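The values are calculated or read from the model by the stated rules, or taken from the named source; none is laboratory data. Because the structure is predicted, anything quoted here is derived from the model rather than measured. Cβ: placed from backbone, ideal geometry, glycine included. Neighbour counts: every protein chain shown.
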Amino acid sequence: MANKILDIHDLKREFKMGVEIVKALKGVSFSVEEGEFVTIMGSSGSGKTTMLNILGCLDKPTSGTYLLDNVDVKKLSRNELAQLRNRKIGFVFQAYNLLARTSAIENVELPLLYNPTVSTSQRHQMATKALEAVRLSDRLDHLPNQLSGGQQQRVAIARALVNAPVMILADEATGNLDTKTSYEIMALFQELNKQGKTIVFVTHEPDIAAFSSRTITLKDGKVIKDSKNENIRSAKEMLAALPVTNE
């Protein structure tokens, strides 16, 4: 049986806003197995951001259970949560979140700075390998402003990979990119998934969700649909089919 990377049961999250109680998540249950590529879809107000924050160990549920790689997140202290987040999850954000005055390789090395078991030379080696995996080995010393949007997102993906996390958690990772670059990034995610990486990709775009193998749809804090994608689109093929423009 495949190892469950995520196992969520009857997850609820409530916020107090003045005298009102806002129920952002109303009893969500699902699991993600190792090697799956899952998209979580939902429009604004669906509970998608709250779900992302809980999955990323940035927030805790009000009730219900969340096991990340068989660890019960609710029982962890703040420090333990930070450590779990650093070792087990690779984050990719819509806005790249790169340090502006820091080279590509230094940006990728960042998560390793919190790991005392990794030496400086190992850190450099691991970061170089991660940048090679996203085909940026010729851009190691470039600053973010010397890179295109797509290249910056690749650096962010390399940074997410560097710790060999159990899951890559992407938040609208193609939101700032044009169609061609979006397809390039999705082709990279599909390639990483083929290599066995577990990917949870949060998006509000159905055409992006079509590149994953399964889509979980949230609405008003509940899962309204959880389905396998019968016709997974190949981002590589979609990229090849785009009309050539003279730039």
Quiz item: What helices (runs of 4 or more DSSP H) lie completely within segment 6-116 and have 3 or more residues being closer than 30 Å to HIS142 by Cβ?
Solution: 78-88, 104-109
Self-check item: Matching entry among VAL19, VAL28 (being touching a residue at least 24 places away in the same chain (Cβ under 8 Å) and not basic (Lys, Arg))
Solution: VAL28
Quiz item: Could you list, in sequence order, the residues of segment 207-228 that are under 19 Å from the mean Cα position of the chain (by Cα) and not in a strand (DSSP E or B)?
Solution: ASP207, ILE208, ALA209, ALA210, PHE211, SER212, SER213
Quiz item: Considering segment 45-72 alone, what residues qualify as being surrounded by fewer than 18 Cβ atoms within 10 Å (Cβ to Cβ) and closer than 14 Å to HIS9 by Cβ?
Solution: THR62, SER63, GLY64, THR65, LEU67, ASN70, ASP72
Quiz item: What's the number of the condition ALA82 fails, among (1) over 28 Å from GLN122 (Cα atoms); (2) out of contact with any Lys or Arg (no Cβ under 8 Å at 6 or more places or on another chain)?
Solution: (1)
Quiz item: Considering segment 72-114 alone, what residues qualify as being hydroxyl-bearing (Ser, Thr, Tyr) and within 26 Å of SER31 (Cβ to Cβ)?
Solution: SER77
Quiz prompt | Subset of segment 27-44 that is charged (D, E, K, R) and surrounded by fewer than 16 Cβ atoms within 10 Å (Cβ to Cβ) - its residue that is farthest from GLU191 (Cα to Cα) | solution = GLU33
Practice problem: Write out, first by first residue and then by second, each pair whose Cβ atoms fall under 7 Å of each other, whose residues are 6+ apart or on separate chains, and whose first residue, in segment 61-78, is small (Gly, Ala, Ser) while the second is at pLDDT 90 or above and crowded, with 16+ Cβ neighbours inside 10 Å. | Solution: GLY64/LEU11
Quiz prompt | Single match in THR102, THR174, THR203, THR198 (criterion: among the hydroxyl-bearing types (Ser, Thr, Tyr) and surrounded by fewer than 21 Cβ atoms within 10 Å (Cβ to Cβ)) | solution = THR102
Practice problem: Return yes or no: is ILE185 buried (at least 21 other Cβ atoms within 10 Å of the Cβ) and modelled with pLDDT under 90? | Solution: yes
Quiz item: If you scan segment 209-229, which residues turn out to be crowded, with 23+ Cβ neighbours inside 10 Å and over 20 Å from THR50 (Cβ atoms)?
Solution: PHE211, SER212
Quiz item: Taking segment 173-206, which residues are among the basic types (Lys, Arg), more than 14 Å from the chain's Cα centre (by Cα) and either closer than 12 Å to PHE37 by Cβ or not in a helix (DSSP H, G or I) (or both)?
Solution: LYS194
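Considering segment 106-133 alone, what residues qualify as being under 23 Å from GLY149 (Cβ atoms) and crowded, with 21+ Cβ neighbours inside 10 Å?
ASN107, VAL108, GLU109, PRO111, ALA127, ALA130, LEU131
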Quiz item: Which number in (1) modelled with pLDDT of 90 or more; (2) in a helix (DSSP H, G or I); (3) out of contact with any Lys or Arg (no Cβ under 9 Å at 6 or more places or on another chain) marks the one condition that VAL155 misses?
Solution: (3)
Practice problem: Pairs only if they're at least six apart or on different chains, beta carbon under 7 angstrom, first in segment 126-142 and part of a loop (DSSP other than H, G, I, E, B), second surrounded by 16 or more Cβ atoms within 10 Å (Cβ to Cβ) and of a type in the set (Lys, Arg); list them, first residue then second. | Solution: VAL134/ARG154; LEU136/ARG154
